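Taken together, the values in this text are just the output of simple stated rules run on the coordinates, not laboratory data. Every value quoted in this text rests on a predicted model; they were computed, and no experiment measured them. So basically every Cβ, Gly included, is an ideal-geometry build from the backbone, and we count neighbours across all protein chains shown.
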Amino acid sequence: MEANISAKKKTPTKMSFDLFQFLYKYGTIITIIALIILFSLANPSFIQGNNIVNILRSISIVTIIAIGITISLTVNGFDLSVGSVASLSNAVVISMFVWFSQNTFVAIISAMAAALIVGILNSIMIVKMRIPDMLLTLATMFIIQGTALTYTKGATVSQNMVMPDGKMAEGLISPFFSKIGQVPWIILIMVVVVVVVHIFLTYTKHGRYMYVIGGNTEAARLSGIPVNKYKVAAYLLSALFAAIGGIVLASRVMTSEINSGAPYLMDSVAAAFIGFSVLGAGKPNAFGTFVGAVLIGILANGLVMMSVPYFAMDIVKGTVLAFALAITYYKQK
Amino acid sequence: MTTLEMKNVSIEFPGVKALNGVDFSVESGKTHALIGANGAGKSTLMKVLSGAYDHYTGEILMDGQALSIRSPKSAMDSGIQIVYQEVDTALIPYLTVAENIMLMDTVHNMGKKQWVNWKQMHSKAATILSEINLTLNTKKLVSELTLAEKQMVLIARAVSKECKFLILDEPTAPLSHTETNELFRIVLELKRRNVGIIFISHRLPEIFKICDEITIMRNGEVVERQRVSDTTQNKVVEHMLGQELGEQFPERSITFGNTVLEVKGLTDREKIKGFSMQVRAGEIVGIAGLVGAGKTEFCKALFGAEGKLVAGEIKVNGKRVSVKNPYEAVKNGLALVPEERRKEGILVNESVESNLSVVNLGRFSKELSFLDRKKEKLVAKALINRLGIKTPSEETKVQNLSGGNQQKVAIGKWLVAEADVYIFDEPTKGVDVGAKKDIFNLIVELASRGKAIIYASSEASEIMGITNRVYILYDGKSVKELETNSTNEEELLFYSTGGR
């Protein structure tokens, strides 16, 4: 009883601090729940199973790409080129089917290989030339965007497209490949990616090293950690997940649109940064990134249902990102 | 002639009385040396004089008139200028020499003017430079200058305004021999123009070369003020020394095993020139020398942290090893406890346990590199007990520990790695007395287990207290090797300050 009273007495002085801590830890999840309640009240069909699957499907590509960004963030890097890499791998995988009539295996491997080349390029320039991560990947973002456009000659690649020589393209996208972008596979792929990367970052030696490097590169180096190797690995993984995102996207739309991956960059960055604070992690983490993507997905879906025009959506997403950044950096102070 | 006086100046920082009733005075047209061991209060005193602190007590007088110096601007307005040792903190690297020299003018004297007059700025800067006999292109970017030239720019900036007294805080520490002579030429030129120079330095020969008077500080108090011509280097050293710390140090072993580490002609790109040494198993070998002598550079070069060596070979247990980076150093049995603890030694945002396991995570990994968290926790708990790390739990973030306990973590992590050679670079820096003793015990215990220890420190008393043998560094070169038992602090300081 006495302990109870003294505990109560202490609370007022610590109240404001604890409130911020609480909001920092659970704010994102509370927001998600609040949004779900709000949107369900506004339109009961929001909470129906159908729509939930719809939301999960819509966030899976964002989540996969955002996981790549998350890995680059763990080593205190920042990969802005993921959107372009997704465009590139989308173009490569579709063209392999349509232009070159290759099988699924070859198509997917080629797309991943193309992305890994970008990853190697990024990491060499960052590690050896010591260009700041964000600036370099901003440059490669444009280079790869241009490369993808040049590769597709600025056109949309799709089945039965008209080739420059006037004939129709003969290659077909394999039925197996078209499954990847459909429910339930697309959602399963996302879940597997999140779980595997979460385990990798949290429970393995390599994940720990990456966080250590991100926390204090110099101390990590002087502790004998091969810092450069891990940075290279982080950018390769980041490119790889961007490629997986692009491949899933390709399967979902069955074409390669111009700059198809670009819109995913902004959402992915937002998801990764919102993820910083989830459950008080205070650092980039796979589960948090997933929660961030869920938040953005719910917002987008719910606002569309409430007839907010699609062209106003970027305002909302940008605001959410700014808010997430505010929380992360305010905490750091 | 103008006299600048500080009377009964005291200042306190949380837990420390940094200055205790200090009286200090200088005259214009003279060079006045301010000297003392690390932590004696020289820099603090000069910061008070240049307006960096506003919570001191006591008086500052110029020609008997009280000055109110509570901000850098009020000090400058009174004609007191300072050039700090870290020149880069005071310069804007992507602006030109002229803009940097005229910075104070641009900031304070522009008034209602909105436009920059480039021609005037360059000509003014050039005039100032020529007045002190300096040739520097005013259109050059400061980022392209050498360290010595940057210092010149700062001196030029100081004299660009009215300058009666100029404080030079260890200006020669990072300079080469020729650069030092160039600096002295400017100092004498300023002296001729009736500027009073306060010269902080650890290097006694320099002080005896260019200074007229000397004030010696110890533990926040002035212990002696003399004309330089009335004293000798040995007397100055005697005044600088504090009380004996001997009883702090544990008993050292005197029997050693085989040679564990052998270094021959180690030369790095910047500082270290042809350093050779051996360390036997169980032996604690000191690297003595003043701040800036190259101790840290040597430790880092040995550990592969300075990139590729220009020359030299390193043998561990008789086998020649390549140490191109710290990763290889650790693999070859070397361990480094670096000087800059928060920046280089510990991960402030990680828990004590992950700090302790970081250098040898392999030991805590199962198949497929999965971490064995239980084992990690167990070892962390054992280490916390063994080292007496005061922490609420092994999950506490290291940033919440005190300096001494952080240092124990920085050392503790290498105990997990079981290295053969332990390199300590100023391990007691910013550590309280109790933790110091624990750290000394730990180092001696490592030696008694047959490890080879390198102990770099600018504290002569620590070198005397803990090492078996000592190499003295001066300006990147090993100038003397001494058996600790047959030497004393005077001799150490004598060689450290460039005596021969």
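Structural remarks
- The 3J(HN,Hα) values that the Karplus relation (6.51, -1.76, 1.60; θ = phi - 60°) gives for the range B:349-356 are, in residue order, 8, 9, 6, 4, 5, 6, 5, 6 Hz. Gly and Pro appear as x.
- Principal-axis tilt of helix A:262-275 within chain A, Cα atoms, nearest 10 degrees: 20
- Cross-link partners of B:Lys374 among aspartates and glutamates (Cα-Cα below 15 Å; sequence separation of 8 or more within a chain): B:Glu353, B:Glu394, B:Glu395
- Listed by chain and number, the aspartates and glutamates whose C-alpha is less than 14 Å from the C-alpha of A:Lys229, apart from same-chain residues fewer than 8 away, are B:Glu328.
- Value of relative contact order over the range B:246-496, rounded to a whole percent, pairs C-alpha under 8 Å and six or more apart: 29
- Distance-filtered residues of the range B:364-381 - backbone nitrogen under 17 Å, label point 7 angstrom along A:Thr202 Cα→Cβ: B:370-374
- Structure-based [θ]222 nm, chain B - -39500 (n - 2.57) summed over DSSP H runs of at least 4, per residue, nearest 500: -9500 deg cm²/dmol
- Pairs of C-alpha atoms in the protein assembly as shown farther apart than 36 Å represent 60 percent of all such pairs.
- The mean count of C-beta atoms from other chains within 10 Å of the C-beta of residues in B:108-121, rounded to a whole number, is 0.
- Order of B:Leu415, B:Leu147, B:Leu45 - criterion: other Cβ atoms within 10 Å of each residue's Cβ, fewest first: B:Leu147, B:Leu415, B:Leu45
- ³J(HN,Hα) computed for each position of the range A:46-53 - Karplus, 6.51 cos²θ - 1.76 cosθ + 1.60, integer Hz, glycine/proline x: 4, 8, 5, x, 3, 6, 5, 4
- Mean partner shielding of peptide A:201-210, defined as the number of other chain Cβ atoms within 10 Å of each residue Cβ, is 5.
- Net length available on complete extension from A:Ile30 to A:Asp314 is 100.0 nm, with 0.36 nm assigned per residue and the Cα-Cα distance removed.
- Between the range B:148-169 and the range B:262-318, the alpha-carbon center distance in angstrom: 35
- Pair A:Glu218, A:Leu325: separation of 7 Å Cα→Cβ label points (nm): 2.7
- Across peptide B:406-416, the mean count of Cβ atoms from other chains lying within 10 Å of each residue's own Cβ comes to 1.
- Of the peptides B:397-404, A:282-289, the ranking by mean beta-carbon count within 10 Å, highest at the top, reads A:282-289, B:397-404.
- Centre separation in Å (Cα based) which lies between the range B:436-500 and the range A:57-99: 56
- Comparing A:Thr152, A:Thr140, A:Thr204 in a Gaussian network model of chain A where C-alpha atoms under 10 Å apart are linked, the largest mean-square fluctuation is found at A:Thr204.
- Burial ordering of A:Arg130, B:Arg269, fewest other beta-carbon atoms within 10 Å first: A:Arg130, B:Arg269
- Summary of the geometry: the range A:173-233 and the range B:328-403, compared by the centres of their Cα atoms, lie 23 Å apart.
- Remark: B:Met110, A:Met134, A:Met190, A:Met210 ranked as B:Met110, A:Met134, A:Met190, A:Met210, counting other beta-carbon atoms within 10 Å and listing the fewest first.
- Prolate/oblate/rounded call for the range A:275-333, Cα gyration tensor, a/c under 1.5 rounded: oblate
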